[in-house]
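The values are calculated or read from the model by the stated rules, or taken from the named source; none is laboratory data. Only a predicted model underlies this, so the values are computations on that prediction, with no experimental measurement involved. All Cβ positions, glycine included, derive from the backbone under ideal geometry; neighbour counts span all protein chains shown.
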Amino acid sequence: MAATPLAAQDPEAPASLEELIPDSAVENPDEWASKGADTSQPSDVTAPDPETPIAEPPGLDLAWPDDIAIEGFEPLEPEEDIEFADLDLGQSQVALEEAETERLADNLVLGFPQTEPPFSERGDFVERYEALSTIEELEDEDANVAQLAARAREDEELLGNLLRVYGYYDGQVLRSIGSIQAGDDAAEAQPTVRFDIIPGDRYKVGTVNLGNLSAAPDYEALRETFGIYPGDFLQSDTILQEQFDLDRALGETGYPFAAIDEPQLLIDHERVEGDLTLNVEPNGKYVFGKVTSSDPRFLSGRHLSTIARFEPGETYQRSLSMDLRRAVTATGLVSSVSVTPREVTPPQGDQPGVVAMDVDISRAKLRTIAGAIGYGSEEGFRLQASWEHRNLFPPEGALRLRGIVGTQEQLAGVTFRKNNFGGRDRVLTVDAYANTIDSPAFDARTVALVGIYERKSTLLFQKEISWSGGLELVATQERPPDIDGVSQPRQTYFVAALPGTILLDQTDDLLDPTRGFRLGARLSPEASTTNSVESFYLRSQVDGSYYQSLGDKLVLAGRATFGSIPGADLLDIAPSRRFYAGGGGSVRGYGYRKIGPSDELGEPTGGRSLVELAVEARIRTGFFDGAVSVVPFVDAGSVGPGPTPNFEEIKIGAGVGLRYHTGFGPLRVDVGVPLTPDEDDAPVAVYVSLGQAF
């Protein structure tokens with residue numbers, strides 16, 4: 001169906017319209033349009049003259065007033081004695097053009113235009129913002145303005161939040177981004193963000209509402225621990241810290257069931273203050289009662305009471321409850337443990353209530369198979385293995401079977417150990433063993449029974465002072481080493497000793513210290529019988545070590561040992577009870593027990609005095625995420641035949657080692673060279689073991 005033409009396109013249209021749009025325009029509109037308007041013919045349409053006024057405004061019936069007169073009007077004369085007062089609105093004074101600036105990075109500037117009142121927390125504010133800002137991360141990247149603008153919006157919000165943290169609730173942050181400065185090349189210009197910080201007035205604390213804290217018997221002391229009062233400046237960090245201090249004070253002064261809600265802050269902009277509400281419910285004061293166990297046949301409540309550092313009737317302390325939990329974990333007998341206070345007697349008037357401490361435990365796997373391997377170029381191989389049941393004799397009575405197979409030593413032994421026996425971290429150990437030693441110094445066949453009672457330092461509870469005391473009974477047959485394959489006659493010794501040790505430990509780590517010192521002493525009065533000759537002597541030894549950290553990657557460590565055996569001749573002392581030096585834990589670079597007096601064949605005989613000195617630098621490297629250290633060292637040592645230490649024949653060794661730090665201590669490989677060798681000393685000695693040399 002053909003389209004019907006519009007009126008302006010109709011060939012039969014009236015003549016007046018034809019004059020405006022002729023038929024030729026319909027037939028060829030492009031050509032007609034290109035000719036433009038035809039101005040040769042006169043037109044009936046006349047454009048209005050903009051200078052000619054409209055005689056009769058259309059649609060306006062009111063007469064236009066010709067004259068308007070205002071009666072009684074008198075012009076005012078200016079007054080010359082008027083004074084204008086300065087109006088102080090109490091607002092902050094800001095000088096944007098004179099703002100102090102701090103450039104935190106090439107692409108980040110902070111401006112501080114506020115002059116009064118001063119921004120009192122500006123230094124800490126800038127430091128915290130710099131630690132949290134995301135803009136600086138773009139400094140080394142090829143960032144464009146769009147990326148910078150996106151992070152600038154995030155940082156603007158961050159700055160606003162930080163202002164409110166410090167109590168500036170009317171603060172403003174003005175953000176601007178520029179990329180080209182005068183004289184800069186547009187291709188090389190780096191976009192820069194500037195924030196102008198206008199903190200405004202700092203708000204203060206209005207009212208402080210601590211809920212029901214006043215119901216606590218210790219209200220005055222507890223209120224002092226919450227150090228926020230009306231008129232103090234508002235700061236969110238301070239509120240959280242004081243909340244923590246109050247919570248800790250409640251937990252440490254007898255309130256096991258105390259509850260504290262989240263702090264609420266109501267800001268009043270007219271008063272420039274904030275009203276603080278912290279709902280506190282003390283819920284009564286209590287003292288400790290009994291300790292109960294969920295598995296009394298495994299770990300009884302009575303035994304757990306000996307582990308606890310509190311007595312019934314003492315004021316409840318949350319820290320002691322947590323300490324009991326850690327102590328039960330340290331036994332190694334449980335896979336999980338919880339300690340929960342349970343009300344036994346409620347508070348009555350001024351009398352505190354009583355809470356029992358319920359210990360809920362889950363048993364861990366109790367059997368352990370362990371092993372260790374070591375090697376020294378002079379000592380040979382050493383393989384050690386053990387089997388242990390850690391609670392065969394409840395509570396905490398362990399049985400351990402152990403054995404050693406090595407180039408110079410073989411051993412079989414059985415050990416009974418009772419942990420937390422008679423007190424916290426006190427251990428009773430009874431050890432029976434038989435061993436053989438075939439060393440360059442002597443050949444021994446020994447049977448021994450040793451009982452030790454000690455206060456130990458553990459990985460979880462490193463003690464400042466540790467001690468031990470005990471009884472040692474030894475029967476040993478010993479002889480010098482074979483000469484050209486010919487065995488020497490054995491000599492039998494019966495020895496009874498009362499060994500005791502004490503150690504002062506001021507280091508920061510039990511296995512890998514980086515600072516502090518250790519000072520220890522060992523005294524062992526001994527009686528010995530051999531060939532019907534009785535001898536009495538005192539084996540004594542003093543050890544000291546010092547550790548100093550120099551930065552994050554360097555630790556200097558030093559050690560000194562002095563020993564003496566007065567009271568008996570050297571031949572009346574069993575060779576295994578004498579002093580020796582040399583080896584991985586002594587003077588590196590020399591063979592195991594090869595330093596000291598020797599017989600006519602050059603074999604070491606041991607001595608009655610000992611001196612050992614060592615210094616090393618433990619240098620962390622970047623290998624394996626910093627797990628590898630390089631350790632250059634220098635050791636020195638001497639063994640003398642008399643009870644006075646001999647400094648005349650000092651043997652010196654030096655070398656370098658590697659440490660690979662693991663979660664259970666460093667793995668050690670040391671390569672030492674003797675600097676003052678004898679004829680039979682090897683040119684190089686290698687040592688492999690677990691833990692630092694000292």
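Residue selection: V631 fails the criterion of being in the same structural domain as S524 (by TED's automatic domain parsing), farther than 22 Å from G374 by Cβ, among the hydrophobic types (A, V, I, L, M, F, W, C) and touching a residue at least 24 places away in the same chain (Cβ under 8 Å).
For region 264-274, indicate whether the set of residues that are under 22 Å from R164 (Cα atoms) and within 32 Å of the chain's Cα centre (by Cα) is non-empty.
As a first pass, look at region 264-274 and keep what is under 22 Å from R164 (Cα atoms): 264-274.
Remaining after also requiring within 32 Å of the chain's Cα centre (by Cα): 264-265.
Checked against the condition, which is being under 22 Å from R164 (Cα atoms) and within 32 Å of the chain's Cα centre (by Cα), region 264-274 yields at least one hit.
For region 509-569, no strands (runs of 3 or more DSSP E) sit wholly inside it while including 2 or more residues that are surrounded by fewer than 15 Cβ atoms within 10 Å (Cβ to Cβ), touching a residue at least 24 places away in the same chain (Cβ under 8 Å) and not assigned by TED's automatic domain parsing to the domain that holds Q477.
Within region 657-669, is there a residue that is in the same structural domain as S545 (by TED's automatic domain parsing), assigned to a loop (DSSP other than H, G, I, E, B), touching a residue at least 60 places away in the same chain (Cβ under 8 Å) and over 20 Å from G376 (Cβ atoms)?
The first filter runs over region 657-669 and keeps only residues in the same structural domain as S545 (by TED's automatic domain parsing), leaving 657-669.
Then drop every residue that is not assigned to a loop (DSSP other than H, G, I, E, B), which leaves 663-664.
Now restrict to residues that are touching a residue at least 60 places away in the same chain (Cβ under 8 Å): 664.
Okay, now just the ones that are also over 20 Å from G376 (Cβ atoms), so 664.
Yes, the conditions are met somewhere in region 657-669.
On the stretch given as region 597-614, residues that are touching a helix residue (DSSP H, G or I) at 6+ places or on another chain (Cβ under 9 Å) and among the acidic types (D, E) total 0. Filtering D295, D247 for residues that are among the acidic types (D, E), in a loop (DSSP other than H, G, I, E, B) and more than 30 Å from P199 (Cα to Cα) leaves a single hit, D295. Screening S236 on (1) touching a residue at least 60 places away in the same chain (Cβ under 8 Å); (2) over 20 Å from Y316 (Cα atoms); (3) among the small types (G, A, S); (4) out of contact with any helix residue (DSSP H, G or I) (no Cβ under 9 Å at 6 or more places or on another chain) shows it passes everything except condition (4).
Take V587 and tell me if it is outside any strand (DSSP E or B), among the hydrophobic types (A, V, I, L, M, F, W, C) and either touching a Leu at 6+ places or on another chain (Cβ under 7 Å) or at pLDDT 90 or above (or both).
In short, yes.
Rundown of residues vs (1) in contact with a strand residue (DSSP E or B) (Cβ under 8 Å, 6 or more places away or on another chain); (2) surrounded by fewer than 19 Cβ atoms within 10 Å (Cβ to Cβ); (3) in a strand (DSSP E or B), yes/no style:
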{"site": "F195", "(1), (2), (3)": "yes, no, yes"}
{"site": "R223", "(1), (2), (3)": "no, yes, no"}
{"site": "D237", "(1), (2), (3)": "no, yes, no"}
{"site": "E262", "(1), (2), (3)": "no, yes, no"}
{"site": "I267", "(1), (2), (3)": "yes, yes, yes"}
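Inspection of region 381-393 finds a residue satisfying the criterion of being among the charged types (D, E, K, R), touching a Lys or Arg at 6+ places or on another chain (Cβ under 7 Å) and crowded, with 17+ Cβ neighbours inside 10 Å.
Each row is one residue, and each column tells you yes or no for (1) under 23 Å from S576 (Cβ atoms); (2) among the small types (G, A, S); (3) outside the structural domain of E603 (by TED's automatic domain parsing); (4) crowded, with 16+ Cβ neighbours inside 10 Å.
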residue	(1), (2), (3), (4)
V344	no, no, yes, no
G349	no, yes, yes, no
A356	no, yes, yes, yes
E396	no, no, no, yes
G422	no, yes, no, no
T429	yes, no, no, yes
T436	yes, no, no, no
